[in-house]
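Undergrad: Please find one structure pasted underneath; my questions will follow.
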Amino acid sequence: MGIGFDAFKANIGWSLADSLLGAISDAIEDKNAEQKARSLAENTEQNKQDMLKALVFFITHNIGINRTIKKAIADLFSEAYQERISLFSIEDKINSVYEMVINKSPADFFTEIESIYFDRDNVKAIYLYLCLLYIQFDSEQEILPAHPHNLYLIKKYFRLTHEELAECYGLIGKISDQDIDDIADTFEELTSEEKISEIENKYPSLLDAEEESYKNDKNNSIHNSTKQEKIEEDESEDESEIYESVFESTTFENPIEEIKNLYNKAIYEAGDNSSDFGKHVFLADSNPEFVMNAVRTYAKDCVGEEAILVFDDTFTKSCKDGFLLTNKNIFIGLGGKIKAKLPLCEINFIDVSFKTFATSIKINTTEIFSEQILKKGTIALANLLKEIIPIAMQIKN
């Protein structure tokens, strides 16, 4: 319990006590100030690193890099932080970042860009600077199809709102002394779905790099591995053969054991979100109660199937939201009702979606929200699904 403040003072003397307590108080304040300063410095440095990564990615994506482009990146980086940064001083960093992002798809890239994504001022800055870069290229007759395509990707993946875009166009108008509505019309038309579709159809190589990055990544063997164009190449091809190519994987003597290993790996990948991940994502045989809750609420049609994985996205552990993965289907629940039943052999797309107030996993066209496991947990769960679905299909009843 302690001797109390008054007794403490009485024992060591009022004057000495005041001096001692004042020194302790000052030390605590200094320590707090030091920690805040260190934290701010670390956040600023991380923010700068991610800003540089974003600029390098979007300026070079599907374009490549040369000294002119590196100079533009250095200039934009200087503008972003309002300090003069020469290309010479930052060229090694640009080269290093370029090697990191050269083979990344936008979906992969955005899983690593958290400090930029949640700082809306920096989101606007990236779009603003690339619009200005576009104007500069336009005046020099150096426009490439990838430039408007990359602007479109920024809008798409950062989910820029109408108000944020209006702010960007307003600043461009002030800088270039042009009519704001004319600028808005130009860039909105340039990055419209129709224009981008025209560009992608005319220059399919813009998508090739993204497709190739998925092919080279074993963890993304499910994601985007079968395109509609390939299906249309041979309409007589049996559907099961198409899906077999999507789920081409190693045959395991003990698939259940392999799934357990991948589950433990996913907990590790969830990082500082591993605790929540372990509370809401379960292997079916270790938590039969949650399997029964899912079956009672939304997965009534799973009779005769082998339950493998349960995701419960409720705070109360009611299992009304989430999914149940079996060896044949994934049952998705929302509000205690079945939202979708997806045969595993028909899944050809799994990705993570980040929004301002929500994170979700998209399977084909069906969205599964993940409020309880946040961003890192959601990424770990999506990766887990990509890896275990082909293995789950090997399990016999």
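Undergrad: With a 1.4 Å probe and all protein chains in place, put Glu193, Glu387, Glu83 in order of accessible area, largest first.
TA: Accessible-area ranking of Glu193, Glu387, Glu83, largest first: Glu193, Glu83, Glu387.
Undergrad: What are the residues whose amide H is under 5 Å from the amide H of Leu309, where those residues sit 5 or more places off or on another chain and H is modelled from the backbone?
TA: Ala284, Leu325
Undergrad: Using 7 Å Cα-to-Cβ label points, what is the Glu200/Asn66 separation (nm, one decimal)?
TA: Once both label points are built, they end up 2.9 nm from each other.
Undergrad: What ³J(HN,Hα) values, in whole Hz, does the Karplus curve 6.51 cos²θ - 1.76 cosθ + 1.60 give for region 68-76 when θ = phi - 60°, with x put for Gly and Pro?
TA: Taking θ as phi minus 60°, the curve returns 4, 5, 5, 5, 4, 4, 4, 5, 5 Hz for region 68-76.
Undergrad: In addition: Let me know the whole percent of all Cα-Cα pairs from region 247-337 that are separated by more than 20 Å. Walk me through the numbers on the way to the answer.
TA: On the way: 1482 of 4095 pairs.
Result for the distance tail: 36 percent.
Undergrad: At 1.4 Å probe size, with the rest of the protein present, what percent of the exposed accessible area of region 261-321 is carbon and sulfur atoms?
TA: Its accessible area is 54 percent carbon and sulfur atoms.
Undergrad: Can you list the residues, at least 5 places off or on another chain, whose amide H is less than 5 Å from the amide H of Ala340, using H built in the peptide plane?
TA: Those lying under 5 Å, H to H, from Ala340 are Ile332.
Undergrad: While we're here: Residues in region 369-397 near a label at Thr251, defined as backbone nitrogen under 15 Å from the 7 Å Cα→Cβ point?
TA: Residues 391-396 qualify, since their backbone N sits under 15 Å from the label point.
Undergrad: Still on this structure, I have one more. For region 251-397, just say rounded, prolate or oblate: build the C-alpha gyration tensor, square-root its eigenvalues into a ≥ b ≥ c, call rounded for a/c under 1.5, and beyond that prolate if a/b exceeds b/c, oblate if not. Before the final figure, lay out the partial values.
TA: Values: a/c = 1.34, a/b = 1.14, b/c = 1.18.
Because its axes are fairly even, with a/c under 1.5, region 251-397 counts as rounded.
Undergrad: Can you give the accessible area of Leu171 in Å² (nearest 10), computed on protein heavy atoms with a 1.4 Å probe?
TA: That residue has around 70 Å² of solvent-accessible surface.
The values are calculated or read from the model by the stated rules, or taken from the named source; none is laboratory data. Remember, it's a predicted structure, so these values are computed and weren't measured experimentally. Counting neighbours? That spans all protein chains shown, and the Cβs are built from the backbone with ideal geometry, glycine included. The protein model used for the area step is the full one, side chains on, heavy atoms only, and it has no ligands, DNA or RNA in it. Shrake-Rupley method; radii C 1.70, N 1.55, O 1.52, S 1.80 Å.
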